[in-house]
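The values are calculated or read from the model by the stated rules, or taken from the named source; none is laboratory data. Treat the numbers as computed from the prediction; the structure is a model and nothing was measured. Note that we place each Cβ from the backbone using ideal geometry, even for glycine, and neighbour counts take in every protein chain shown.
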Amino acid sequence: MSSDDRSGLSCPLPISDYPHILLAHGGGGRLMHNLIEKIFIAAFGEENLESGHDGAVINPGSGRLAFTTDSYVVNPLFFPGGDIGTLAVYGTVNDLAMCGARPKYLSVGFILEEGLPTESLWRIALSMRDAADEAGVKIVTGDTKVVEKGKGHGVYINTAGIGVIDHDLNIGPESVIPGDVIILSGDIGRHGIAIMAEREGLSFETEIKSDCAQVANSVMKLIDGGIEVHCLRDLTRGGLATTMVEISRSSEARIEIKESLIQVREEVRGACEILGFDPLYVANEGRFAAFVREKDAEKALEIMRVKAADHEPCIIGKVTAAAGKMVILKSMIGSERILDMLSGEQLPRIC
């Protein structure tokens with residue numbers, strides 16, 4: 001196997017002997033221990049893993065804790081802009097950030113399918129290591145199981161995360177109030193379309209890359225900057241529209257957003273038109289909406305712009321005092337329509 005371009009390291013597991021994952025790699029014996037030592041410990045380099053225990057003792061410091069868990073079954077495993085490994089780390093880190101928590105520790109559970117190329121697992125492990133380094137979290141414990149060929153899709157990943165809440169804000173739908181301004185962190189729809197294009201073998205004039213990224217650093221900048229954040233939500237399955245509806249129902253508030261202010265890249269919009277999708281409902285993996293006091297809106301935008309690399313945060317709407325818990329979209333031509341959740345699944349297996 002050739003060395004990984006990002007690390008200069010080659011996989012220490014003797015791939016020539018075991019080019020694919022075997023059922024025995026999950027059997028608790030020598031092969032499983034070699035897999036853990038030569039793939040996961042080698043990639044993550046965390047002393048808690050080296051202890052061999054099934055759990056980790058951690059010292060989170062003072063403050064409240066946030067805890068989350070999620071599972072990742074994306075198809076395909078590798079896609080433009082990321083892979084299942086980066087998705088697993090970023091997704092869990094982002095869930096902690098949406099609670100206003102500083103991500104600290106992750107656990108990871110792998111369900112591997114017999115026949116998975118060992119090189120693919122090594123690539124995924126390195127992606128997770130790099131993503132964890134960027135987000136400032138440590139992968140401290142984990143688990144591995146192997147299932148028979150045909151009983152999985154290469155690899156499924158479960159992650160759990162712990163974060164520290166070291167401020168007094170109560171961030172959630174219950175804190176949303178009339179007058180709050182809604183800030184969207186960037187353009188929407190890239191992840192879902194990138195996955196669909198890769199899965200179906202579709203090609204467009206311009207390659208569409210997933211927006212897969214961690215948003216925790218941006219969220220922490222807002223909190224550290226003194227912004228009174230009332231609610232945060234990452235725009236994953238169901239996209240922007242579903243997120244707004246969920247918050248409206250939970251907070252019993254009326255939300256109004258303007259279509260003209262929502263950024264959708266031309267290549268994404270064109271792909272949505274071809275495939276029959278509404279970009280408002282297409283999944284994202286590196287975007288979030290923030291509900292903040294109107295007096296803090298411009299300062300919040302300035303803070304978020306510092307962390308934005310290839311996207312531009314913008315104000316897309318507000319919470320009004322009008323009666324009725326609903327989401328109103330003001331269209332490009334000035335008409336209004338009520339947004340609701342989809343009745344079915346639009347894009348299966350996007351995370």
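Conditions tested, residue by residue: (1) of a type in the set (A, V, I, L, M, F, W, C); (2) modelled with pLDDT of 90 or more; (3) out of contact with any strand residue (DSSP E or B) (no Cβ under 9 Å at 6 or more places or on another chain); (4) more than 27 Å from residue 174 (Cβ to Cβ).
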residue	(1), (2), (3), (4)
283	yes, yes, yes, no
287	no, yes, no, no
294	no, yes, no, no
315	yes, yes, no, no
320	no, yes, no, no
330	no, yes, no, no
338	yes, yes, no, no
345	no, no, yes, yes
351	yes, no, no, no
Does residue 144 qualify as being assigned to a helix (DSSP H, G or I) and of a type in the set (Ser, Thr, Tyr)? no
Which of the strands (runs of 3 or more DSSP E) found entirely inside segment 287-336 contain at least 2 residues meeting this: over 24 Å from the mean Cα position of the chain (by Cα)? 314-320, 327-330
When you go through 58, 15, 39 one by one, which is the residue that is modelled with pLDDT under 65 and in contact with a Pro (Cβ under 9 Å, 6 or more places away or on another chain)? 15
Check segment 43-54 and report whether any residue there is at pLDDT below 70, within 24 Å of the chain's Cα centre (by Cα) and assigned to a loop (DSSP other than H, G, I, E, B). yes
Residue under question is residue 136, and the condition is that it be assigned by TED's automatic domain parsing to the domain that holds residue 223 and at positive phi; does it hold? no
Hey, any hits in segment 197-209 for a residue that's buried (at least 19 other Cβ atoms within 10 Å of the Cβ) and out of contact with any Pro (no Cβ under 9 Å at 6 or more places or on another chain)? no
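Among the candidates 222, 232, 184, which residue alone is out of contact with any helix residue (DSSP H, G or I) (no Cβ under 6 Å at 6 or more places or on another chain), crowded, with 19+ Cβ neighbours inside 10 Å, at pLDDT 95 or above and over 20 Å from residue 270 (Cα atoms)?
The unique qualifying residue is 184.
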Going by what's in this entry, would residue 89 be described as modelled with pLDDT of 75 or more, surrounded by fewer than 22 Cβ atoms within 10 Å (Cβ to Cβ) and closer than 23 Å to residue 131 by Cα? no
Would you point out the residue of segment 113-140, among those that are modelled with pLDDT of 95 or more and in a strand (DSSP E or B), that is farthest from residue 83 (Cα to Cα)? 138
Do we have any residue at all in segment 97-112 that's within 15 Å of the chain's Cα centre (by Cα), touching a residue at least 12 places away in the same chain (Cβ under 8 Å) and assigned to a helix (DSSP H, G or I)? yes
Filter segment 106-121 down to the residues that are surrounded by fewer than 23 Cβ atoms within 10 Å (Cβ to Cβ) and either in contact with a helix residue (DSSP H, G or I) (Cβ under 7 Å, 6 or more places away or on another chain) or among the aromatic types (Phe, Trp, Tyr) (or both) and list them by number. 114
Every residue in segment 168-195 that is farther than 22 Å from residue 319 by Cβ and of a type outside the set (Gly, Ala, Ser), please. 187, 190, 191, 193, 195
Considering only segment 234-258, state which residues are touching a strand residue (DSSP E or B) at 6+ places or on another chain (Cβ under 6 Å) and under 18 Å from residue 314 (Cα atoms). 234, 241, 243, 244, 255, 256, 257, 258
